[in-house]
Amino acid sequence: MDRDQLIDLTRRAVKLARDNTTDLAPSQRTVTADAYTSVERHAQDSAMLMASPQLVGYVSELPRPGTFCTKTVMGRSILLTRAADGLVRAFDNVCLHRQSRITDGCGSARRLACPYHSWTYDLTGNLAGLPGAEGFPETTTGDARLSEMPAAECAGFLWISLDRDRTLDIPAFLGPLAAELDSWGIGRWSPLGEKVLDCPINWKLAIDTFAENYHFATVHKTTFATIARSNCTVFDSFGPHHRLVFPLNGILDLENTPEHEWEPLQNMVVIYALFPNIVLSCTIANGELFRVYPGDVPGRSITVHQNSTPLDVSDESMAAGAAAVFDYAHSTVRDEDYALVEALQANLASGVREHLVFGRNEPGLHHRHETWEAAVKFGAGRR
Ligand code: FES
Ligand SMILES: [Fe+2]
């Protein structure tokens, strides 16, 4: 984002804070409880995710040619590589022999050896060697390759399509957010690893927890609410995606400061909701990524939480500081948001009430659910 945009967002945030209000949706709305509990909707949701471009990590997870990383996406193990030609590729992390996972984690390698019988693969996906080759005459004479899927890097992030028949056009998918996300640089910051939450909540309920700050004063009374305002959000949508600006508590001090002295990023957290299952939380110090996936049943989901830092993590004390911030953010989501909505999910599943209510002050919830509903209604295949 350029400074003019940041100043404009800051002006809007200051005005909302001064007026003790928030951006509002045109009207209150309801969503049926079975959006979070029905098996049929769960299958439609899963199909929607399978058909959508998937942001799977930061480009800094493949920092140079000769590096690889692995991801679990919708229960599938994916191997991403940056081979000597510098290109990002994605493969099923499934050995051509007996389907072992070829590797875990991330690192540098010229070749990857399967841990079971040591078939080896180069980073372009070609089978490069196998011990006891006389046992596999049909494999060694063929052009054996790992199964590959479309992959791209854009806006500082790694993207794949689980549907290998689709072409990825991420600039078109992100629209104006492509340049905006890129400008943060968080995808090029140092990655701090992944933390996984496997929770008894629907995947949309997990994402809902990031879509408003109306709950800060209660759920995060002693944590986030000590730094950020509650029920005060600047909302903008960009096609199927949206952006929320959560002003920090000191934002009203800017009323007494000339605009040219404003440091907008010191006064806000910016949340991006990318269709259909990605949340980014950006500050000048942290680039958090939440990848949320439907689980095996409607009432279960997997959240993969990542964070990146602009700090120099080769310095031990900086690395420890960045890790501590990540631990704190993660435990807040786990112990405050997700712990609370576990009981909410149980209530939804009980069938006691047919609807949930989204207030006018929760425009992010409106937008997420309208977008999801449109996609499952008209078929995710159009995207
Ligand atoms: S399963 Fe990979 S080498 Fe046998
Ligand atoms: Fe929260």
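Here, each number is a calculation from the coordinates, and none is a lab measurement. Everything numeric in this text was worked out from a predicted model, so none of it was measured. Cβ placement follows ideal geometry from the backbone for every residue including glycine, while neighbour counts extend to all protein chains displayed.
A compact table of results
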{"read-out": "For the chain, the Rg and Dmax computed from alpha carbons only, in angstrom", "value": "22.2, 79"}
{"read-out": "Protection-proxy order for peptides 308-320, 3-15, each taking the mean of Cβ atoms within 10 Å per residue, highest first", "value": "3-15, 308-320"}
{"read-out": "Residue among 259, 336, 212 with the largest mean-square fluctuation in a Gaussian network model of the chain, springs linking Cα atoms under 10 Å", "value": "259"}
{"read-out": "Any cysteine of the chain lacking a neighbouring Cys Cβ under 4.7 Å - listed by number", "value": "154, 199, 232, 282"}
{"read-out": "Reach of residue 15 by Cα under 16 Å, taken over lysines that are not fewer than 8 positions away in the same chain", "value": "none"}
{"read-out": "Selection from 248, 234, 302, by position along the positive dipole direction of segment 230-349 (Cβ)", "value": "302"}
{"read-out": "Prolate/oblate/rounded label for segment 259-383 (Cα gyration tensor, a/c 1.5)", "value": "prolate"}
{"read-out": "Around residue 126: net Lys/Arg minus Asp/Glu count, Cβ-Cβ under 10 Å", "value": "0"}
{"read-out": "Positive minus negative residues near residue 15 (Lys, Arg vs Asp, Glu; Cβ under 12 Å)", "value": "-1"}
{"read-out": "For segment 74-149, convex hull of alpha carbons as volume per residue, Å³", "value": "98 Å³"}
{"read-out": "Listed peptides 23-31, 59-67 by packing density, highest first (mean Cβ within 10 Å)", "value": "59-67, 23-31"}
{"read-out": "Derived scalar couplings ³J(HN,Hα) [segment 163-174; Karplus, 6.51 cos²θ - 1.76 cosθ + 1.60; whole Hz; x for Gly, Pro]", "value": "8, 6, 8, 8, 9, 8, 10, 5, x, 5, 5, 8"}
{"read-out": "Rounded Å value of the spacing that divides the Cα centres of segment 317-369 and segment 47-125", "value": "30 Å"}
{"read-out": "Segment 9-93 - convex hull of the alpha-carbon atoms, volume per residue in Å³", "value": "187 Å³"}
{"read-out": "Cα long-axis angle, helix 3-18 against the chain (0 to 90 degrees, to the nearest 10)", "value": "50 degrees"}
{"read-out": "12 Å beta-carbon shell around residue 192, net charge (K/R +1, D/E -1)", "value": "-3"}
{"read-out": "Expected 222 nm ellipticity per residue - DSSP helices of 4 or more, -39500 (n - 2.57), all of the chain, to 500", "value": "-7500 deg cm²/dmol"}
{"read-out": "Size of electric dipole in the chain: Cβ of Lys, Arg +1 and of Asp, Glu -1, about Cα centre, debye, nearest 20", "value": "620 debye"}
{"read-out": "Partners for residue 204 among lysines (Cα-Cα distance below 28 Å; same-chain residues under 8 apart left out)", "value": "71, 195, 221, 377"}
{"read-out": "Cα convex hull of segment 51-191 - mean projected area over all directions, nm²", "value": "8.8 nm²"}
{"read-out": "Cα shape, segment 1-50, gyration tensor, a/c 1.5 rule", "value": "oblate"}
